[in-house]
Amino acid sequence: MADPGSILPHSTATSSPEQDLLHNNSCIRLRKIDSEHKEIKQTAVKALHQNSIIAMHAIASGESPARTRLRMLRYLTSLP
């Protein structure tokens, strides 16, 4: 009869609970960053479609509406 330890796949035999926890935490952080990025892009799209929202963002950030529009376009294209 085979040893029960030899039946386990090699990947689970070598990974520790700490490594699994770290991997799960990094996946959760990446999903959170992705959702935050998606939310920023959605806000940028809404602002670009409505001049009143661009005006509010411009006033809040203390910049011109043209500069705010450029910043929103950069959010959408992921340019620096």
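Calculate the FRET efficiency for residue 74 and residue 52 from the Cβ-Cβ distance with a Förster distance of 25 Å, rounded to the nearest 0.05.
E between residue 74 and residue 52, to the nearest 0.05, is 0.75.
Say R0 is 41 Å: what FRET efficiency, to the nearest 0.05, do residue 59 and residue 28 get from their beta-carbon distance?
Here the calculated transfer efficiency is 0.70.
Rg (Å, one decimal) plus Dmax (Å, integer) for the alpha carbons of segment 17-77?
Final numbers for Rg and Dmax: 16.6, 52 Å.
Read the figures in this text as sums done on the coordinates, not as results from a lab. Quick caveat, the model's predicted, so the values are computed rather than measured. Backbone-built Cβ (ideal geometry, glycine too); neighbour counts: all protein chains shown.
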